[in-house]
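Below: one structure, written as structure tokens.
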Amino acid sequence: MVGKNFDEFIFGNNLDDDIVFVYSSECESCEKFHYIYDQVSTKLSSRKNLVFAEIDLHKNDIPGIVIRDY
């Protein structure tokens, strides 16, 4: 996912439940959590209406979203 398709992804698929990992590639804690997020998304990948996505806000801007801390 990138900033340009964020709204479409989140608001365009009303039938799915979305879990979005918002992180910064420069954040050490985010990198540690990324491993756990990958494990959980792999284990739950068979759920049809559950969508996992991630976006690096250090590299992508999303209008209206301000992250104060990671």
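Every read-out reported here was derived from the displayed coordinates using simple, explicitly stated rules and does not represent laboratory data. From a predicted model like this one, the values you see are computed outputs, not experimental measurements. Here Cβ is always computed from backbone atoms with ideal geometry, including for glycine, and neighbour counts include all displayed protein chains.
Ranked highest first by average number of other Cβ atoms within 10 Å, how do 37-43, 18-24 line up?
18-24, 37-43
How many lysine pairs does the chain hold where the Cα atoms are under 26 Å apart and the two sit 8 or more places apart or on different chains?
Total qualifying Lys-Lys pairs in the chain comes to 4.
Stokes-Einstein D for the chain at 25 °C, 0.890 mPa s, Kirkwood Rh over Cα pairs, in µm²/s?
Answer from the Stokes-Einstein relation: 188 µm²/s.
Per-residue ellipticity at 222 nm for the chain, helices alone: DSSP H runs ≥ 4 residues times -39500 (n - 2.57), over residue total, nearest 500 deg cm²/dmol?
-10000 deg cm²/dmol
In percent, how large is the relative contact order of the chain, given Cα pairs closer than 8 Å and 6 or more residues apart?
Relative contact order comes out at 49 percent.
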